[in-house]
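Heads up, the thing below is written out as structure tokens.
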Amino acid sequence: MDISEMTANMSLQDETKLKKREDYIDWQEYFMATAFLAAKRSKDPSYQVGACIVNKDNKIVGIGYNGMPIGCSDDEFPWAKKTPSPLDSKYLYVCHAEMNAIMNKNSADVKDCTIYVGLFPCNECAKMIIQAGITKIYYLSDGKGDRPSYVASKRMFDAAGVEYKQYVPKRSKIEINFNVDWDAMSPSK
Ligand SMILES: Nc1ccn([C@H]2C[C@H](O)[C@@H](COP(=O)(O)O)O2)c(=O)n1
Ligand SMILES: [Zn+2]
């Protein structure tokens, strides 16, 4: 007897004893995973960064990833890092994930919101985060933390009272499987 037959044979009494699932992802996992999913859209060959902005009601109000500005083709603008002319590297063009998440906001503002981001914000994003009124940052990696840009962002966050915390994942991966057997999931139908 397979699982669907077993569950179809469940008595009404058994049904009422069904408990909620326990292995669901919590809010923080959901928001950081959303940032990571957004990062999968990035065309940057060296770093794919995503950001997810969340309000006090746990509603997502902005998502972004690092990419070229609207109208600036991913195929024409450069992705190189070290080039003789700065005009031929990505740095003068690429919009960071945090900036895009703020610009993409679907609410009137992002005041008192939290931003989840894969990499610690640089100084330019720090200014935007502060000016937008975001008050909390969860980042996964502070890998570039000793560079002046990141020292500057911490200095600004400390002065402006923006809290930043490293997010320590509870599990190493969250899988998305499109191969769902919906019939086995809802056998009582
Ligand atoms: N918090 C961050 C940090 C970095 N990024 C983006 C910007 C670039 O596309 C890439 C970093 O490239 P690298 O400087 O290592 O060549 O990651 C971001 O969006 N948010
Ligand atoms: Zn930045």
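The values are calculated or read from the model by the stated rules, or taken from the named source; none is laboratory data. In this text the structure is predicted, and so the values were computed from the model without any measurement. Ideal geometry is used to build each Cβ from the backbone, glycine not excepted, and the neighbour counts take in all protein chains shown. Surface areas here come from the heavy atoms of the whole protein model, side chains and all, with no ligands, DNA or RNA. Shrake-Rupley method; radii C 1.70, N 1.55, O 1.52, S 1.80 Å.
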- Restricting to the range 129-147, what's the tally of residues that are over 19 Å from ALA39 (Cβ atoms) and away from ligand 1 (no atom under 13 Å from the Cβ)? 7
- Task: Tally the residues that are of a type in the set (Ser, Thr, Tyr), surrounded by fewer than 16 Cβ atoms within 10 Å (Cβ to Cβ) and touching a residue at least 12 places away in the same chain (Cβ under 8 Å), restricting the search to the range 56-109.
- Result: 2
- From the list ASP23, ASP14, pick out the single residue that is surrounded by fewer than 16 Cβ atoms within 10 Å (Cβ to Cβ), at pLDDT below 95 and within 25 Å of THR114 (Cα to Cα). ASP23
- Message: Which pairs turn up if I take residues in the range 142-170 that are open to solvent by 60 Å² or more (accessible area, probe 1.4 Å) and look for partners that are of a type in the set (Ser, Thr, Tyr) with beta carbon separation below 6 Å, at least 6 apart in sequence or on another chain?
- Response: LYS165/TYR138
- Counting only residues in the range 154-186 that are assigned to a helix (DSSP H, G or I) and at pLDDT 95 or above, the one farthest from ALA35 (Cα to Cα) is identified as ALA159
- Task: Just give me the residues in the range 177-189 being open to solvent by 100 Å² or more (accessible area, probe 1.4 Å) and free of Cβ contacts under 8 Å to residues at least 24 places away in the same chain, in sequence order.
- Result: PHE178, ASN179, TRP182, MET185, LYS189
- Query: What number of residues within the range 130-140 satisfy the criterion of being in contact with a Phe, Trp or Tyr (Cβ under 8 Å, 6 or more places away or on another chain) and either surrounded by fewer than 17 Cβ atoms within 10 Å (Cβ to Cβ) or in a helix (DSSP H, G or I) (or both)?
  - Reply: 2
